[in-house]
Amino acid sequence: MKKLFNGTAIALVAGLVALPAQGQQRLVINSFGGAYEEAHQRLIIEPFEEMHNVEIEVVTAYSADALAQLRAQAANPQFDVIHFSGGQEVAAAREGLLAPIDPADLTHYDDLYPFAVEGLEEGRGPVMSVAVLGLLYDTSVVEAAPTSWEALFDPAIGESVVIADISNTYGLLNLLMLNQVRGGTLDDIQPGLDAVAELLDNGAQIFSSSPELQQAFAQGAAVMSPYAQDYAFTLTEAGLPVAFVQPDEGSPGVYITANVVAGRPNTELATAFVDFSLRPEAQAGWAEALRYSPTNSAAELPEELAGQVVYGEEAANRLLRFDPDVVNERRPEWTDAWNRLVAQ
Amino acid sequence: MRANPGNAADRIEPVVLVTPGLALIIGAFFFPVGQILILSLVPPEEGLSIWANFARFFEDDYYLRVAWRTLKLSVIITVATALIGFPLAYVTARSPRWLAFLLLLLTVLPLMTSVVVRTFGWMIVLGRGGPVTQLLMALGLGARDAALLHTETGIVVAMVQVLLPFMTITTLGVIASINPFLEESARTMGAGFYRTMRHVVLPLSIPGLVSGSLLVFALSISSFVTPNLVGGVRLPVLAGAIYQQATSVLDWNFAAAQSVLLLGAVLALLVPYLALMRRAQHG
């Protein structure tokens, strides 16, 4: 009798535990941590969870790490939606790691700028926001706003220049930008490496994560840094006298994409999540929270906010975009060259 | 043990008890490590020998420098923790209970905080504009923008703080088991404090120092978070290089070869140690 009772009790408990797991669907996505992830939660993740009664698990992973994880998990992927900021979607789509998206499944397809929906049928997800790379500078030390990337090489501020490591997307783009300014091409980045060597000789420091940049500006150790517009805003919000400027030679654009991972059971829900990320309210929210530039023409921004981001299709098209195919293919070789250059 | 060895339950019982632990070690340790060993033997291109990845490591000046830096820093860190940990352990072992408790608490408390949090603390303390720099400037020792952050000295300082508890606790156990009467007898025979330490305490605490050193060495040579954050990207250590190879450059075979070499370096010290301990037991 006791055995029967125990057995029934165990079965009941097991059943109760299993119930929630059946009722609620789950999505696993990645985000980029810090202020970005906070905004991501507020603008997209939490509203989606409520609307569709879904549980979303967020894994903090920068794009390069996320791609490495996807490749490692190729036989049994653990992510449903993956976000990239460095063009990794091109390589991932080619390797069959991403699922193609039918334009008919995206309700906001018609409103998106053409560059934002390239390659959907190959698996490359739509661009959900654009960040701009430029120069951040401390307004209390630097009097006149710099107008050229060459301002970084001024020996007077040599020791107070900080640049991002190549493991960070912005660091890679910075290298490519300096390379272009100094006359190099994607096939030969030696001018870029020489430029970085010059910065290091002047006393520049290298950091690998965004919070370190904030710390450097806060401690007065940094006066100028090539980084992104969204982070400049985060620093000003933290009370630091930092301003952002787009140099004359041009600014690279960072295209943040939301992609559906192939080989997962709930691709429909994942595609709905990607679509949800593109809606005008979310786009306007990103601009307001972190000064990201929208890719949805239906997103409406108040005038002063529009002046602080790259607003409109024309302005977005003027951003420099390095060929993602070449970048992805040669990135390992560039990373190796960079490591050898900077190692002491 | 039961007196009846023929009983089937007796034969099965030990096996059943050992199986879960053994399964865990095989599944979670030997199997992944075996995979890495196999990965490291796959040559980067067809036709090259299976040792191609290892050869690449030793032929490349960059990696040799990384390995040398890792080894050098680990030895310095081990010696530094021993120099600080031994006196600390001795004082704790020979103190009245209340003081011993306090010292032990102070030693163990840092372990309660995540190592990443502690490392970030060191980054602020050692960075430009941090208290260390300000102190150096006030004493007239430092240049205007000097900082210990992103230097090898900074790495050693932060790592010693992180690993000190391990050395102290290991040594403490051995010292505490030394009979205090031995020291007293040495003192009554006329030996001073330092002679007593040299001839009585130190020889008897060698086993503790050795196992503490081994632990600290193994931990510091494979350490990744603290050297990466405090040292920065310009001072790579082996564990950091492996991480980069595996996630940025995506050359898993080479990363596996480096991991095998790292494991080999630790084993190279472990095996003589075990052999020595064995000889000490039987000799």
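Across the stretch A:188-207, the qualifying residues are those that are without any contact (Cβ under 8 Å) to a residue 60 or more places away in the chain and more than 14 Å from chain B (Cβ to nearest Cβ), and the one among them that is nearest to A:VAL254 (Cα to Cα) is A:GLY192. Just so you know, in the stretch B:230-239 the residues that are within 14 Å of chain A (Cβ to nearest Cβ) and surrounded by fewer than 22 Cβ atoms within 10 Å (Cβ to Cβ) include one that is modelled with the lowest pLDDT, and it is B:ARG234. Within the stretch A:315-330, residues that are touching a residue at least 40 places away in the same chain (Cβ under 8 Å) have Cβ atoms under 6 Å from residues that are buried (at least 17 other Cβ atoms within 10 Å of the Cβ) and part of a helix (DSSP H, G or I) in these pairs: A:PHE322/A:LEU176; A:PRO324/A:VAL90; A:ASP325/A:VAL90; A:ASN328/A:VAL90; A:ASN328/A:ALA91, counting only partners at least 6 apart in sequence or on another chain.
The condition of being more than 14 Å from chain B (Cβ to nearest Cβ), of a type outside the set (Asp, Glu) and surrounded by fewer than 17 Cβ atoms within 10 Å (Cβ to Cβ) holds for only one of A:PRO302, A:PRO324, A:PRO332, that being A:PRO302. Every test in (1) away from chain B (no Cβ under 14 Å); (2) out of contact with any Pro (no Cβ under 6 Å at 6 or more places or on another chain); (3) within 21 Å of A:ALA272 (Cα to Cα); (4) among the small types (Gly, Ala, Ser) is passed by A:ALA92 save one, and that test is (1). Of everything listed in (1) more than 19 Å from the chain's Cα centre (by Cα); (2) under 27 Å from A:LEU70 (Cα atoms), the single unmet condition for B:VAL200 is (2).
This table checks each residue for (1) modelled with pLDDT under 90; (2) assigned by TED's automatic domain parsing to the domain that holds B:ASN179; (3) of a type in the set (A, V, I, L, M, F, W, C); (4) surrounded by 11 or more Cβ atoms within 10 Å (Cβ to Cβ).
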| residue | (1), (2), (3), (4) |
| --- | --- |
| B:ALA9 | yes, no, yes, no |
| B:VAL18 | no, no, yes, no |
| B:TYR62 | no, yes, no, yes |
| B:ARG69 | no, yes, no, yes |
| B:PHE86 | no, yes, yes, yes |
| B:VAL91 | no, yes, yes, yes |
| B:ARG94 | no, yes, no, yes |
| B:LEU109 | no, yes, yes, no |
| B:VAL116 | yes, yes, yes, yes |
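When the residues of the stretch B:124-143 are filtered to those that are within 11 Å of another protein chain (Cβ to nearest Cβ) and outside any helix (DSSP H, G or I), which remaining residue is farthest from A:GLN214 (Cα to Cα)? Residue satisfying both the conditions and the ranking: B:ALA143.
May I ask you to list the residues in the stretch B:73-103 that are more than 14 Å from the chain's Cα centre (by Cα) and under 22 Å from B:ALA158 (Cβ atoms)? The answer is B:LEU83, B:ILE84, B:PHE86, B:PRO87, B:LEU88, B:ALA89, B:LEU103. Put simply, of B:LEU48, B:LEU102, B:LEU73, B:LEU109 the only residue that is assigned to a loop (DSSP other than H, G, I, E, B) and hydrophobic (A, V, I, L, M, F, W, C) is B:LEU48. If the condition is being under 12 Å from A:VAL342 (Cα atoms) and surrounded by 22 or more Cβ atoms within 10 Å (Cβ to Cβ), then the stretch A:166-194 contributes only A:ILE166. Taking the criterion of being in contact with an Asp or Glu (Cβ under 8 Å, 6 or more places away or on another chain) and not hydrophobic (A, V, I, L, M, F, W, C), the residues of the stretch A:40-79 that qualify are A:GLU49, A:GLU55, A:THR60, A:ARG71.
Any residue that is within 14 Å of chain A (Cβ to nearest Cβ) and either buried (at least 19 other Cβ atoms within 10 Å of the Cβ) or in a helix (DSSP H, G or I) (or both) - is there at least one of those in the stretch B:215-225? Spell out the reasoning first.
Start the filter on the stretch B:215-225 by keeping residues that are within 14 Å of chain A (Cβ to nearest Cβ), which leaves B:224-225.
Those left that are additionally either buried (at least 19 other Cβ atoms within 10 Å of the Cβ) or in a helix (DSSP H, G or I) (or both): B:225.
Yes - at least one qualifying residue is present in the stretch B:215-225.
Every test in (1) within 26 Å of the chain's Cα centre (by Cα); (2) within 14 Å of chain B (Cβ to nearest Cβ); (3) surrounded by fewer than 18 Cβ atoms within 10 Å (Cβ to Cβ) is passed by A:ASP138 save one, and that test is (3).
The rows are residues; the columns are (1) of a type in the set (S, T, N, Q); (2) under 27 Å from B:LEU71 (Cβ atoms); (3) touching a Pro at 6+ places or on another chain (Cβ under 8 Å).
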{"site": "B:VAL125", "(1), (2), (3)": "no, yes, yes"}
{"site": "B:LEU136", "(1), (2), (3)": "no, no, no"}
{"site": "B:VAL157", "(1), (2), (3)": "no, yes, no"}
{"site": "B:HIS199", "(1), (2), (3)": "no, no, no"}
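Is it fair to say B:VAL266 is assigned by TED's automatic domain parsing to the domain that holds B:MET159, closer than 25 Å to B:LEU164 by Cα and either surrounded by fewer than 19 Cβ atoms within 10 Å (Cβ to Cβ) or modelled with pLDDT under 90 (or both)? Taking the combined requirement at face value, the residue satisfies it.
With respect to B:VAL210, is the statement that it is in contact (Cβ under 8 Å) with a residue 12 or more places away in the chain and within 30 Å of B:GLU184 (Cβ to Cβ) true?
yes
Among all residues of the stretch A:222-237, there is at least one that is touching a residue at least 40 places away in the same chain (Cβ under 8 Å), surrounded by 17 or more Cβ atoms within 10 Å (Cβ to Cβ), within 12 Å of chain B (Cβ to nearest Cβ) and on the phi < 0 side of the Ramachandran plot.
Picking from residues in the stretch B:144-159 that are part of a loop (DSSP other than H, G, I, E, B) and on the phi < 0 side of the Ramachandran plot, the one that is modelled with the highest pLDDT is B:THR151.
Being touching a Leu at 6+ places or on another chain (Cβ under 8 Å) and within 13 Å of chain B (Cβ to nearest Cβ) is the filter; apply it to the stretch A:159-174 and report the residue that is modelled with the lowest pLDDT. Here the residue is A:ILE166. Taken as a whole, the condition of being over 23 Å from A:ALA216 (Cβ atoms), modelled with pLDDT of 90 or more and either more than 14 Å from chain A (Cβ to nearest Cβ) or surrounded by fewer than 16 Cβ atoms within 10 Å (Cβ to Cβ) (or both) applies to B:ILE169. The residues listed here are A:SER251, A:SER293, A:SER210; of these, the one that is within 14 Å of chain B (Cβ to nearest Cβ) and either touching a residue at least 12 places away in the same chain (Cβ under 8 Å) or farther than 27 Å from A:LEU98 by Cβ (or both) is A:SER210. Of all the listed residues (B:SER114, B:SER95), the sole one being away from chain A (no Cβ under 14 Å), farther than 30 Å from B:LEU149 by Cβ and of a type outside the set (Asp, Glu) is B:SER95.
The values are calculated or read from the model by the stated rules, or taken from the named source; none is laboratory data. Nothing here was measured: the structure is a model prediction, and the numbers come from that model. Glycine also receives a Cβ, built like all others from the backbone with ideal geometry; neighbour counts cover every protein chain displayed.
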